[in-house]
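The values are calculated or read from the model by the stated rules, or taken from the named source; none is laboratory data. Because the structure is a prediction, the values reported are computed rather than measured. All Cβ positions, even for glycine, are placed from backbone atoms using ideal geometry, and neighbour counts span all protein chains on display.
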Amino acid sequence: MKKVEINLETKNGDIELLQNHNTLFQIQKVYDSQIDVGEELIWKSKVNPKKYRNLLNKTFNKIFPDPSIIDRMIIGNYSKPEETFKRPLAKYTQDIAKQLKIIK
């Protein structure tokens, strides 16, 4: 199996801002210490294809009428941006899950 690497990237191309934030908040160190979370998300992306998600939503829609609950169970953290501060590593998990197309 390949070694997983999670790296900071800038959305707007401002490398200096990215570097300043990383220096101030030590984001890359946090990312490096949580590689196992990223690795598990990669595994989940492979075993939770869209058909499976649709089946879960259809089967459990009375119990979980909000589809984000299924997303939360699949990724193991909150999936909505407005819930980012409810649990540690929620933003980290959301960003990786979006890149892996586990959530939108």
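Numerical summary
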{"read-out": "Residue in region 80-91 that is of a type in the set (Asp, Glu) and more than 24 Å from Glu5 (Cα to Cα) present", "value": "yes"}
{"read-out": "Sole residue being surrounded by 13 or more Cβ atoms within 10 Å (Cβ to Cβ) and more than 15 Å from the chain's Cα centre (by Cα), chosen from Asn12, Asn57, Asn48", "value": "Asn57"}
{"read-out": "Residue ID - surrounded by the fewest Cβ atoms within 10 Å (Cβ to Cβ), chosen from residues in region 64-83 that are β-branched (Val, Ile, Thr) and touching a residue at least 24 places away in the same chain (Cβ under 8 Å)", "value": "Ile74"}
{"read-out": "Of the criteria (1) of a type in the set (A, V, I, L, M, F, W, C); (2) modelled with pLDDT under 95; (3) under 19 Å from the mean Cα position of the chain (by Cα), which one Met1 fails", "value": "(3)"}
{"read-out": "Among the residues listed as Asn57, Asn61, the single one being free of Cβ contacts under 8 Å to residues at least 12 places away in the same chain and not aliphatic (A, V, I, L, M)", "value": "Asn61"}
{"read-out": "Near pairs, Cβ below 6 angstrom, 6+ apart or cross-chain, from region 86-104 (over 20 Å from Thr10 (Cβ atoms)) to any residue that is assigned to a loop (DSSP other than H, G, I, E, B) and of a type in the set (Ser, Thr, Tyr)", "value": "Lys86/Tyr78; Arg87/Tyr78; Ala90/Tyr78; Ile103/Ser79"}
{"read-out": "Helices (runs of 4 or more DSSP H) lying entirely in region 1-95 (those with 3 or more residues that are of a type in the set (Val, Ile, Thr))", "value": "35-47, 67-75"}
{"read-out": "Ile6 in contact with a helix residue (DSSP H, G or I) (Cβ under 7 Å, 6 or more places away or on another chain) and at pLDDT below 95", "value": "yes"}
